[in-house]
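Asks: Below are the structure tokens for one structure; questions will follow.
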Amino acid sequence: QVQLVETGGDLVQPGGSLRLSCAASGIIFRLALMGWYRQAPGKQRELVARITGGDITDYADSVKGRFTISRDNAKNMVYLQMNSLKPEDTAVYYCNADAVGPGLYWGQGTQVIVSS
């Protein structure tokens, strides 16, 4: 059974930082393309960042220079370090795995609110 469990969402002031974590199980993690997506109220889910098993990364233009995605293949974990947060970053953030199998999997989401 595949599970993706996100943690780290919180209420933070503009300019602040947060680190999201996603624990994966049930997949061959080192071969999976892992990603973070987000969905704001009334908007479509959008890609934030993704990372291959070989640590090649890709970012949405809106987060380049502020967010960093990373992974630890030994721990089956993927992270999203978010700095210089803006109110428009407010959303539910979802962990995604595009796994060998094949299979596309989602976590339950973690809420990030950027507000003063």
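The values are calculated or read from the model by the stated rules, or taken from the named source; none is laboratory data. The shown structure was predicted, so the numbers you read here are calculated from the model rather than taken from an experiment. Cβ: placed from backbone, ideal geometry, glycine included. Neighbour counts: every protein chain shown. SASA here: full protein model, heavy atoms, side chains in, ligands and nucleic acids out. Shrake-Rupley method; radii C 1.70, N 1.55, O 1.52, S 1.80 Å.
Asks: Using only the alpha carbons, work out the radius of gyration and Dmax of region 1-99 in angstrom.
Replies: That works out to 13.0, 38 Å for Rg and Dmax.
Asks: For the chain, which whole-number percentage of the solvent-accessible area (1.4 Å probe, protein heavy atoms only) is attributable to carbon and sulfur atoms?
Replies: The value for the chain is 48 percent carbon and sulfur by accessible area.
Asks: Then there's this: With the chain treated as a Gaussian network of Cα nodes joined by springs under 10 Å, which of LEU18, LEU85, LEU104 yields the largest mean-square fluctuation?
Replies: In the Gaussian network model the winner is LEU104.
Asks: Another question, then. At R0 = 30 Å, how high is the FRET efficiency between GLU88 and THR68 if r is their beta carbon distance? Nearest 0.05 is fine.
Replies: 0.95
Asks: Something else about it: Given a 10 angstrom Cα cut-off, can you work out which residue in GLY101, GLY53, GLY15 is the most mobile in a GNM of the chain?
Replies: GLY101
Asks: Still on this model: So in region 10-116, what percent of DSSP beta bridges are antiparallel if you round to the nearest 5?
Replies: Once the DSSP bridges in region 10-116 are tallied, antiparallel ones form about 95 percent.
Asks: Oh, and also: Between ALA24, ALA40, ALA32, find the one with the highest GNM mean-square fluctuation for the chain; connect C-alpha pairs within less than 10 Å.
Replies: Looking only at ALA24, ALA40, ALA32, the largest GNM fluctuation is found for ALA40.
Asks: Loop by DSSP (not H, G, I, E, B), at most 14 other beta-carbon atoms within 10 Å: where is the longest site-free stretch of the chain for trypsin sites (Lys or Arg not before Pro)?
Replies: My reading of the result: 1-42 is the longest stretch.
Asks: Distance from the Cα centre of region 92-114 to that of region 15-80, in angstrom?
Replies: 8
Asks: Averaged per residue, what accessible area in Å² does the chain show with a 1.4 Å probe, protein chains only?
Replies: For the chain, the solvent-accessible area averages 53 Å² per residue.
Asks: Now for a separate question. Among GLY53, PHE67, THR90, which residue has its Cα positioned farthest towards the positive end of the charge dipole of region 41-111, with +1 placed on the Cβ of Lys and Arg, -1 on the Cβ of Asp and Glu, and the dipole taken about the Cα centre?
Replies: Of GLY53, PHE67, THR90, it is THR90.
Asks: Length gain on complete extension for the stretch GLN3 to LEU33, per 0.36 nm per residue less the alpha carbon to alpha carbon distance?
Replies: 9.3 nm
Asks: With +1 on each Lys and Arg Cβ and -1 on each Asp and Glu Cβ, how big is the dipole of the chain about its Cα centre, in debye rounded to the nearest 20?
Replies: Here the chain has a charge dipole of around 40 debye.
Asks: Now for a different question. What full-extension length gain, to one decimal in nm, is calculated for GLU46 and GLN108 as 0.36 nm per residue of separation minus the Cα-Cα distance?
Replies: Stretched out fully, the GLU46 to GLN108 stretch lengthens by 20.8 nm.
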